[in-house]
1. Going by average Cβ density within 10 Å per residue, which order do the peptides 292-299, 213-220 take, highest to lowest?
2. Quick check on packing: order 101-109, 152-160, 249-257 by the mean number of other C-beta atoms within 10 Å, highest mean leading.
3. With all distinct Cα pairs included, what does the Kirkwood hydrodynamic radius of segment 203-250 come out to in Å, to one decimal, could you say?
4. Once a ≥ b ≥ c are taken as the square roots of the eigenvalues of the Cα gyration tensor of segment 180-226, is the result rounded (a/c under 1.5), prolate (a/b larger than b/c) or oblate (a/b not larger than b/c)?
5. Let's test this: bin the Cα-Cα distances of segment 278-340 at 10 Å from zero up to the farthest pair and state each bin's percent.
6. Between segment 138-160 and segment 238-292, what is the C-alpha centre distance in whole Å?
7. Find the Rg to Rh ratio for segment 89-198, where Rh is the Kirkwood radius over alpha-carbon pairs and Rg uses the same atoms.
8. Show me 261-271, 197-207 ranked by packing, highest mean number of other Cβ atoms within 10 Å first.
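Values in this text are rule-based calculations from the coordinates and carry no lab data. The structure presented is a predicted model; accordingly, all values stated were derived computationally and were not measured. Cβ placement follows ideal geometry from the backbone for every residue including glycine, while neighbour counts extend to all protein chains displayed.
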Amino acid sequence: MTDPNSSLSEAALAAAARFGPHPAPGTRVRTAGEMAEVESDLNPVVGDDSTPLAKSVEHHLLVTEGRRLRAPLTRPDETRVLVVANQKGGVGKTTTTVNVAAALAQQGQRVLVVDLDPQGNASTALSIEHHRGVPSVYDTLIDGVPLAEVLQASPEIDGLWAVPATIDLAGAEIELVSVVARESRLRRALQTCLAERTGDERFDYVLIDCPPSLGLLTLNALVAGVEMLIPIQAEYYALEGLGQLLETVEMVKAHLNPELVVSTILLTMYDARTRLSAGVAEEVRAHFTDRVLSTAIPRSVRISEAPSYGQTVMTYDPGSPGALSYLEAAREMALKGARR
Ligand code: ADP
Ligand code: MG
């Protein structure tokens, strides 16, 4: 047991040591169990019977200190454009997009999220206005409105911007069919936007949250992006449909965007207590080897609660295992650098 009187910074040190930049040799995935253990390590310091507010403030301090104890993230040489895609619904695309984006922004990066799902879940989680009539990615795709005119700054997190998706986007899949250069509308808009912002103004990361289908919206993302981040839910049917996704990627590479690479795989909703999760992790790693981040995201109620408060878990409960996992996953991704 940790001494309840031990200073915050000691606890933060311990947390930092445990969540250091590189996993211990032989560590395959970090598990919910390990994350939970860390939380219980911190509990004697935080005090179980403290009020939720006090606990959350303490957690926040721990996380902030833990972060400061490690080397800050340097900005990438050029903007990294990541497409978060998987045509399966409910695997954690949106959750991953907003939390990785928030984690990167909290570590000093300038991040743009493009919500490309008509459901607008990423916009909701980031508290970005997206009711009908708000200028959105729909206007960019269909009417060629510059992204700079539709993006909004996050009210919660510095260094984070988002392009909202409104319900209008539901019709875009069909409307795009008759539009000129229909699969490269987003690419053009993004390139213009990125070219306008240089130096300190430059975006370091662009994350595109795709809808759960392989239609024209996802195609626009695959043509606009360079790297793909595929979240895979650690459950039985996880790998089903992945073949189809990879075939689509090959098709896009061959005809539309030769630069595209599957750079990053993230295991989500990982449950360390089940052999199933471990089995899926093993299978995914056998196929994608070092492209799989060693940090897995545990199943966590806090992660799923955050959007209903218009927040990411990174601000909703920064000390929770889910937030720490996303912080670590984002860091790992940033430190690995772009893969070509
Ligand atoms: P997708 O965008 O792929 O459809 P979401 O990110 O919307 O998937 O996630 C689907 C559901 O699962 C959401 O209700 C979300 O809150 C929940 N969820 C995602 N990741 C986790 C997690 N690590 N733990 C618990 N719930 C999660
Ligand atoms: Mg989604």
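1. Values: 292-299: 24.4, 213-220: 21.1.
Highest mean packing first, the order is 292-299, 213-220.
2. Values: 101-109: 24.8, 152-160: 17.4, 249-257: 14.7.
My ranking of the peptides, most packed first, is 101-109, 152-160, 249-257.
3. 12.0 Å
4. Working: a/c = 3.90, a/b = 1.76, b/c = 2.22.
Oblate, since a/c reaches 1.5 and b/c is not below a/b.
5. Here the calculated profile for segment 278-340 is 21, 40, 31, 8.
6. 29 Å
7. On the way: Rg = 13.6 Å, Rh = 14.2 Å.
Checking Rg against Rh, the ratio lands at 0.96.
8. Details: 261-271: 22.4, 197-207: 15.6.
With the highest mean Cβ count within 10 Å placed first, the list reads 261-271, 197-207.
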